[in-house]
Amino acid sequence: MNRRDLIKAFAAMAPLTVAGRVWAAPATDARLLVVFLRGAYDAANVVVPISSDFYRTSRPTLGIAKPDVGNPNSALSLTADWGLHPALRDSIYPLWGKREVAFIPFAGTSDDLTRSHFETQDTIELGQAVSGSRDYRSGFMSRLATELTRVKPISFTEQLPLIFRGKSQIPNIGINSVGKPGVDDRQAGLIQKMYAQSELASSVSEGFRVRDDVYKSISEEMNAANRGAVSPRGFELSARRIGRLMREQFNLGFVDVGGWDTHVNQGAATGYLADRLGELGRALAGFSEEIGPAGWRDTVVVVISEFGRTFRENGDRGTDHGHGSVYWVMGGGINGGRILGEQVKVEQANLFQNRDYPVLTDYRSMFAGLFQRMFGLETASVQRIFAGVHPAELGLV
């Protein structure tokens, strides 16, 4: 019997209860890291609906080409219907081949329709129904920690996030973000001085002024949406450190990564989004390498975002706030190499409100099913984490 079969066999056994907290045999070495992409990443350009003609007509400048071995900017083939963004060729795509990553399209919040970064981020982190009163002192990962014994949680954030607020004291440690404008104020001043005596002087000055105004406007919205999250570049630089800490000390972690609010000049196979995806992919691959083969077999990484983006590109060659997204589940012991969850054909008739991916797999159901399998949780424990939720059985572990 191999390790995966052994875990499945143990998962079927009744869990042990210790002082009201649950710990089952397969959970002894289990690790979970949740990665929250704040700002709503454009899932339709990451896991690409390559069989959809509607996709290509909806994204005349942003669309990713169908898989083509002769075109390095084309999508990487996953299935007959889905492809992967080429920026993930050397990081995430090899994990697909090893069945160590799965994707869940049409995932998100079924009951939060606000398209507000802040409200939907709160909704997900709380893991509580939108209707009725909500307890902002109780995040769903904090409730999960309460249900487990021998759990060592940590948040890799500057401030303790809502998802980890609760009865227990949970440590948090920030990881530094990296990133500066391509031309800083000093360099801009030198450039303007170079052209001071030419007929281009006013145009150059006006160009920098407009650039600064636009940058300030976009940055203010993005920074607000990010809520202080580390940049993808910062995550890339810090992911191995996170891997070491989770290999040696912690088994329940959370990190948020900002920079995904792409209203303007998003790019297609190359450009802003592609650069961020490259950084994210290298970060996650580095994390898996640092945690080591044995640790990776016992680790599950879930990548989520508050919502997806509009299926059609906007007039600024970007995408706006949407609804359904695509979640990633990674790990050395998962049953990956598959596109999971309920799916529909990607065409106009199936868009939510004629603009977005629909939500067919609710995030609470997905997490509930995963927790039940990973940690051998009994029904009562799952209900204390996600009240009134029926766990989705996706066969991830």
Conditions (1) touching a Leu at 6+ places or on another chain (Cβ under 9 Å); (2) under 21 Å from residue 375 (Cβ atoms); (3) at pLDDT below 90 -> residue 170 fails only (3)
Checking 113, 126 in turn, the sole residue that is under 28 Å from residue 231 (Cα atoms) and surrounded by fewer than 20 Cβ atoms within 10 Å (Cβ to Cβ) turns out to be 113
Picked from the range 351-373 (must be in contact with a strand residue (DSSP E or B) (Cβ under 6 Å, 6 or more places away or on another chain) and among the hydrophobic types (A, V, I, L, M, F, W, C)), the residue surrounded by the most Cβ atoms within 10 Å (Cβ to Cβ) is 359
Notebook entry, point to check: Could we say that residue 211 is in a helix (DSSP H, G or I), at pLDDT below 90 and over 30 Å from residue 165 (Cβ atoms) here?
Noted result: yes
In the range 374-397, residues that are surrounded by fewer than 18 Cβ atoms within 10 Å (Cβ to Cβ) and either in contact (Cβ under 8 Å) with a residue 12 or more places away in the chain or not β-branched (Val, Ile, Thr) (or both) total 9
Exactly one of 380, 349 is out of contact with any His (no Cβ under 9 Å at 6 or more places or on another chain), within 16 Å of residue 146 (Cβ to Cβ) and not aromatic (Phe, Trp, Tyr), and that residue is 380
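The values are calculated or read from the model by the stated rules, or taken from the named source; none is laboratory data. Model, not experiment: these values are computed from the prediction. Neighbour counts are summed over all protein chains in view; Cβ atoms, including those assigned to glycine, are modelled from backbone coordinates with ideal geometry.
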